[in-house]
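Worksheet for the structure shown next.
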Amino acid sequence: MRALFVDANDTLAAVTDKLLRTDKLPVGINRNPSIKPDDLPGLLDGVEIMIVDHTAVPTAIAAKCAKLKHVVFLGTGARSYMNPEELAERGISVHTIKGYGDTAVAECAIALMWASAKSFGEMDRGIREGNWLRRDAVQLTGKTLGLIGFGGIAAEAARMALGCGMKVIAWNRTPKTHPGVEFVPLERLLADSHVVSLHLLLNDETKGFLSRERIAMMRPGAILINTARGAVVDEDAMLDALRSGHIAHAGLDVFTVEPLPAGHPLTKLPNVTLSAHSAFRTPEASDNLIGAALDHCRRIIATGK
């Protein structure tokens, strides 16, 4: 069986090269991160395993890849790029990778929280334009961080926030416990949290989870952080809340449409700090990610599944 990393950027290509030096896995690297879905059938001619980072894999395109049997998606959010159920009906299994960047993404969430609380982005832009723009800040020590969804990333964010002297509460769809964290009903979390941070996987149940009604339940003047997926938030409702000040500031690493289009309303608001879906981009997370992808390939080649 053969595998191909179809859309490797320079960083991930270098990591893959490094990890393959001592491994005889039949894994090729296509060093072009700008491929389009229509390029996949040609690239995957004779290839059974596709490793994919960010390229959409429409079912109709996958059907044209005659030998393709496995898709190894570099992350957890495969559903944003393909339909796993439809692919399964065509005999193509989708494999995802969890936990590789929990610390990296949690650090990004905490960094966005601090940047939002201190209005660093707005002041930086003002000073660069020649304006001595001063803003009052939020003191986070003693404030409440509410985590919606509680997996590995949220657990890391809780550890960091507790170390900063914050109170941490959380809501999860299934019961959980964690040292130092109080699990509460969603309504209480929204009402009590000075900062709400989203940590949900995107699926049919969580699309639009932070709805207009739930945004209205948030503490007035709260900060919203999203390092999960853009589509878990009703974007129009979030924009309205940012304009009114009901949400004082949003720190966003993910968006409903990526890359974020030029001139998007979020780029026009002063009370938004934007990051280009880069929370997971650290050397440590990249090593974990590619290592796990190669482990998937190794298992598939050995067992066929």
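One table, with the values for the structure above:
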{"quantity": "Long-range HN-HN contacts of L210 with modeled amide H, under 5 Å", "calculated": "V233, D234"}
{"quantity": "Charge dipole of the chain about the Cα centre (unit charges at C-beta), most positive-ward option of L19, G42, G163", "calculated": "G163"}
{"quantity": "Charged-residue dipole, Cβ positions (Lys, Arg, Asp, Glu), the chain about Cα centre, Debye nearest 20", "calculated": "360"}
{"quantity": "Potential extension, K64-R128 segment - 0.36 nm per residue separation minus Cα distance", "calculated": "18.0 nm"}
{"quantity": "Where the Cα pairs of segment 102-274 fall when distances are cut into 5 Å bins, in %", "calculated": "2, 9, 18, 23, 22, 15, 7, 3, 1, 0, 0"}
{"quantity": "Eligible aspartates and glutamates near K64 by straight Cα distance, threshold 16 Å, same-chain separation 8 or greater", "calculated": "D38, D39, D45, E48, E86, E89"}
{"quantity": "Label-point separation, D204 to V257 (7 Å along Cα→Cβ), nm", "calculated": "2.6"}
{"quantity": "Heavy-atom surface of segment 102-274, accessible at 1.4 Å and reported per residue (Å²)", "calculated": "47"}
{"quantity": "Expected 222 nm ellipticity per residue - DSSP helices of 4 or more, -39500 (n - 2.57), all of the chain, to 500", "calculated": "-10000 deg cm²/dmol"}
{"quantity": "³J(HN,Hα) computed for each position of segment 170-175 - Karplus, 6.51 cos²θ - 1.76 cosθ + 1.60, integer Hz, glycine/proline x", "calculated": "8, 10, 9, 5, 10, x"}
{"quantity": "Burial ranking of peptide ranges 191-201, 282-292, 81-91 (average Cβ count within 10 Å, highest at the top)", "calculated": "191-201, 282-292, 81-91"}
{"quantity": "Segment 102-274, accessible surface, carbon-and-sulfur percent (1.4 angstrom probe)", "calculated": "54"}
{"quantity": "Pair S93, A276: separation of 7 Å Cα→Cβ label points (nm)", "calculated": "3.6"}
{"quantity": "Distant-in-sequence amide H partners of N32 (H built 1.01 Å from N, under 5 Å)", "calculated": "A8"}
{"quantity": "Average silhouette area of the chain, convex hull of alpha-carbon atoms, in square nanometres", "calculated": "17.1"}
{"quantity": "Where a label projected 7 Å from the Cα of D287 along Cα→Cβ would reach, residues of segment 11-30 with amide N under 15 Å", "calculated": "12, 14-22"}
{"quantity": "Label-point separation in nm, Q139 to D295, each point 7 Å along Cα→Cβ", "calculated": "4.5"}
{"quantity": "Estimated FRET transfer efficiency (F183, S244; beta-carbon r; R0 30 Å; 0.05)", "calculated": "0.50"}
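The values are calculated or read from the model by the stated rules, or taken from the named source; none is laboratory data. Just so it is clear, the model here is predicted, and its values are computed rather than measured. We place every Cβ from the backbone using ideal geometry, glycine too, and count neighbours over all the protein chains shown. The protein model used for the area step is the full one, side chains on, heavy atoms only, and it has no ligands, DNA or RNA in it. Shrake-Rupley method; radii C 1.70, N 1.55, O 1.52, S 1.80 Å.
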